[in-house]
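Single-structure report; data block below.
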Amino acid sequence: MPDRPDTVDAPAPSTSLSSETVRNDTGTLEQMNDQLPIPITPAERLLTAAEFQGLAEVPPEIEWFNNISNPGTKRVYKLAVGDFMRFTGIIRPEEFRIVTRAHVASYIFAA
């Protein structure tokens, strides 16, 4: 069996990891930038504590829908969601949490 090349740069056995050495997203070791993390003082905060908590309570479906930037895509999704709601009898957004693949497949095949 041929040898596989290492996919992660590992430190040499004599190298110890300091608190400034980290693994990046690809697993490669790299030195931390002295400027990170940037401390944020309360005076520099743009959100109040109440605003921060309020954003944590935004339902994921609203967050997802608001991240769609193309107006045409947003319009078509809105129409499709309304059609799906009529098909399934969903009235409240919370009811989407119990939708399964079977519901979606039934909707697709009925169209």
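Among the residues of region 91-102, the one identified as more than 23 Å from the chain's Cα centre (by Cα), at pLDDT below 95 and either within 18 Å of Trp64 (Cβ to Cβ) or of a type in the set (Gly, Ala, Ser) (or both) is Arg92.
Would you check if there is a residue in region 46-64 being closer than 27 Å to Ser106 by Cβ, among the hydrophobic types (A, V, I, L, M, F, W, C) and at pLDDT 80 or above? Yes, region 46-64 contains at least one residue that is closer than 27 Å to Ser106 by Cβ, among the hydrophobic types (A, V, I, L, M, F, W, C) and at pLDDT 80 or above.
Look at Asp25 and say whether it is exposed (fewer than 10 other Cβ atoms within 10 Å of the Cβ), among the acidic types (Asp, Glu) and either part of a helix (DSSP H, G or I) or modelled with pLDDT under 75 (or both). Steps first, answer last, please.
Numbers: exposed (fewer than 10 other Cβ atoms within 10 Å of the Cβ): yes; among the acidic types (Asp, Glu): yes; either part of a helix (DSSP H, G or I) or modelled with pLDDT under 75 (or both): yes.
Taking the combined requirement at face value, the residue satisfies it.
Here Ile68 meets each of (1) in a loop (DSSP other than H, G, I, E, B); (2) modelled with pLDDT under 80 with one exception, condition (2). Filtering region 68-106 to residues that are of a type in the set (Phe, Trp, Tyr) and in contact (Cβ under 8 Å) with a residue 24 or more places away in the chain leaves only Phe96.
The values are calculated or read from the model by the stated rules, or taken from the named source; none is laboratory data. Nothing here was measured: the structure is a model prediction, and the numbers come from that model. Ideal geometry is used to build each Cβ from the backbone, glycine not excepted, and the neighbour counts take in all protein chains shown.
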